Amino acid sequence: MEKKKMSLATYIFIGLALGILIGFLLKKMPEGTFRDTVLVGGIIKFLGNGFINLIKMMVVPLVFCSLSYAVCEMSDVKKLGRISAKTISFYIVTTAVAVIIAVILGLTLRPGAGLDMSQLLQGEYTIPESKPVVDTFLDMLPTNPIQAMSEGNLLQIIVFALFFGVGIGLIGERGKILVDILGALNDCVLKVVTIVMYIAPIGVCALIANTVYSVGVESLVSVAKMIGVVAIGMLIHSFIIYSGLLKTLTGLPVKNFLKQYATVATVTFTTSSSNAALPVSMETMEKLGVDKSIYSFTLPLGATINMDGTAIMQGVAAVFIAQVYGIDMSIHMILSVILTAVLASIGTAGAPGVGMITLAMVLESAGLPLDGIALIIGFDRILDMMRTTVNVMGDCVCSVVVANSEKEIDREKYIACK
């Protein structure tokens, strides 16, 4: 009988557990060159920081290729007129609401309070000066996109990628070769991300070992608080925002939707994949009376650009990391988190590790230390299960709302689904 291979998530959990154990053992070891220089300052530093550097290496190519390619693909969607406008607007607005809720919860509940990791920062960390709001938006517009890429200015890269993708779509057939090239580049970048994630268990082990050695087990308790805040944000978004929009915009009973969506939720929660849940989502929309012409567009598009659950996680995580490093977030930093989380959701691919890379984008845009990812990545599987469930729920709610606005839903069939 063939043995079942362990998943990457399982290996990461093992790496997390080993890292905690190694961290405790390092604290028990006597001070000296072997512990401080060879182990902590040598092997563990190289493995942990090396993994962080590899994640950072993929940020710029992933942002540009995935976002430009996604916008190119959307050029055909314009033929759908009102449906495309309603769908994209729904996804962008709800994602913005999601990350705003996350930031408010993080600032209010303060999951990172009481845990000081500022001593782990390499070198002196200076909090960026607050800027006027107009300058924040002006800074998004690149004067030199190549320079923006070389400097890793993510907001400028995102804006350029959006314009670049739109431009390719507008030149029609002549742009087809560029679409194919971007598609191939996007596939290549995602494959490299997959390769990088193969060493994630080792990187996680080293990063958590250093965290436990330097700070102690209280860091893990603080992460549990952060996960709790993320869960609260997702419950609010699911049962207040989504349910409220569904009831207000359609007048249909919410309980019917929730009952049918429960089947989809079991798939999203166990697979952590929007794509894997797509067939079940479509079947559920059919049961609820949504016309195929609507859900065949809204659901696949949502799997690409609707990442409300991911935005909630990123918003809370950014505030959490700022708190554990003792950084007071300015208005400029908060706006950077919100804008980057919303824009990064467009074109985010469903590949392993992309969630952590987009979190790195959010942290970099706000000037927050990427080392804080070490506290979170070992628990990413738990967070991924929750955020994927919320992501797909948004896709399904949007399908019902858009179908109702276009009179492309069988309301009697929907109401019969009790």
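Name the residues in the stretch 169-181 that are assigned to a helix (DSSP H, G or I) and either open to solvent by 10 Å² or more (accessible area, probe 1.4 Å) or within 27 Å of LYS28 (Cβ to Cβ) (or both), would you?
GLY169, LEU170, GLY172, GLU173, ARG174, LYS176, ILE177, LEU178, VAL179, ASP180, ILE181
Given the residues LEU154, LEU190, LEU178, which is the only one that is more than 18 Å from the chain's Cα centre (by Cα) and of a type in the set (A, V, I, L, M)?
Going through LEU154, LEU190, LEU178 in turn, the sole match is LEU178.
How many residues, within the stretch 11-34, are of a type outside the set (Ser, Thr, Tyr), more than 19 Å from ILE202 (Cα to Cα) and out of contact with any Phe, Trp or Tyr (no Cβ under 8 Å at 6 or more places or on another chain)?
Of the residues in that region, 6 qualify.
Kindly indicate whether any position in the stretch 296-308 is at pLDDT 90 or above and closer than 30 Å to ARG110 by Cα.
Yes, the stretch 296-308 contains a residue that is at pLDDT 90 or above and closer than 30 Å to ARG110 by Cα.
Being within 14 Å of GLY152 (Cβ to Cβ), modelled with pLDDT of 80 or more and not β-branched (Val, Ile, Thr) is the filter here; which residues of the stretch 59-77 pass it?
Selection gives PRO61, PHE64.
So, of the residues in the stretch 193-204 that are in contact (Cβ under 8 Å) with a residue 40 or more places away in the chain and either open to solvent by 40 Å² or more (accessible area, probe 1.4 Å) or touching an Asp or Glu at 6+ places or on another chain (Cβ under 8 Å) (or both), which turns out to be farthest from MET356 (Cα to Cα)?
ILE202
Out of (1) surrounded by 13 or more Cβ atoms within 10 Å (Cβ to Cβ); (2) polar (S, T, N, Q); (3) part of a loop (DSSP other than H, G, I, E, B), what's the single condition that is false for THR143?
(1)
Within the stretch 230-246, is there a residue that is touching a Gly at 6+ places or on another chain (Cβ under 8 Å), farther than 19 Å from LEU383 by Cα and touching a residue at least 60 places away in the same chain (Cβ under 8 Å)?
Checked the stretch 230-246: at least one residue is touching a Gly at 6+ places or on another chain (Cβ under 8 Å), farther than 19 Å from LEU383 by Cα and touching a residue at least 60 places away in the same chain (Cβ under 8 Å).
With out of contact with any strand residue (DSSP E or B) (no Cβ under 8 Å at 6 or more places or on another chain) and at pLDDT 95 or above as the only criterion, which of ILE202, ILE236 stands out?
Of the residues listed, the single one that is out of contact with any strand residue (DSSP E or B) (no Cβ under 8 Å at 6 or more places or on another chain) and at pLDDT 95 or above is ILE236.
Looking for whichever is buried (at least 18 other Cβ atoms within 10 Å of the Cβ), in a helix (DSSP H, G or I) and in contact with an Asp or Glu (Cβ under 9 Å, 6 or more places away or on another chain) here; the options are LEU190, LEU207. Which one fits?
Only one candidate qualifies: LEU207.
Here are some residues: LYS259, LYS255, LYS287. Which one is in contact with a helix residue (DSSP H, G or I) (Cβ under 7 Å, 6 or more places away or on another chain), at pLDDT 85 or above, open to solvent by 10 Å² or more (accessible area, probe 1.4 Å) and not β-branched (Val, Ile, Thr)?
Every option except LYS287 fails the conditions.
I'm checking my understanding of the structure. Among residues of the stretch 262-284 that are open to solvent by 60 Å² or more (accessible area, probe 1.4 Å) and of a type outside the set (Val, Ile, Thr), which one is modelled with the lowest pLDDT?
That would be ASN275.
Within the stretch 33-58, restricting attention to residues that are among the aliphatic types (A, V, I, L, M) and closer than 26 Å to GLN156 by Cβ, which residue is most open to solvent (accessible area, probe 1.4 Å)?
Here the residue is MET57.
Mind checking which residues of the stretch 381-418 are in contact with a Phe, Trp or Tyr (Cβ under 7 Å, 6 or more places away or on another chain), of a type in the set (S, T, N, Q) and open to solvent by 10 Å² or more (accessible area, probe 1.4 Å)?
Scanning the stretch 381-418 gives a single hit, THR389.
Just the residues that are modelled with pLDDT of 75 or more, of a type in the set (Gly, Ala, Ser) and in a loop (DSSP other than H, G, I, E, B), please, taken from the stretch 339-389.
Hits for the stretch 339-389 are ALA366, GLY367.
The values are calculated or read from the model by the stated rules, or taken from the named source; none is laboratory data. It should be emphasised that the depicted structure is a prediction, and the values quoted were computed from it without experimental measurement. As a convention, Cβ positions derive from the backbone with ideal geometry for all residues, glycine included, and neighbour counts pool all protein chains shown. SASA here: full protein model, heavy atoms, side chains in, ligands and nucleic acids out. Shrake-Rupley method; radii C 1.70, N 1.55, O 1.52, S 1.80 Å.
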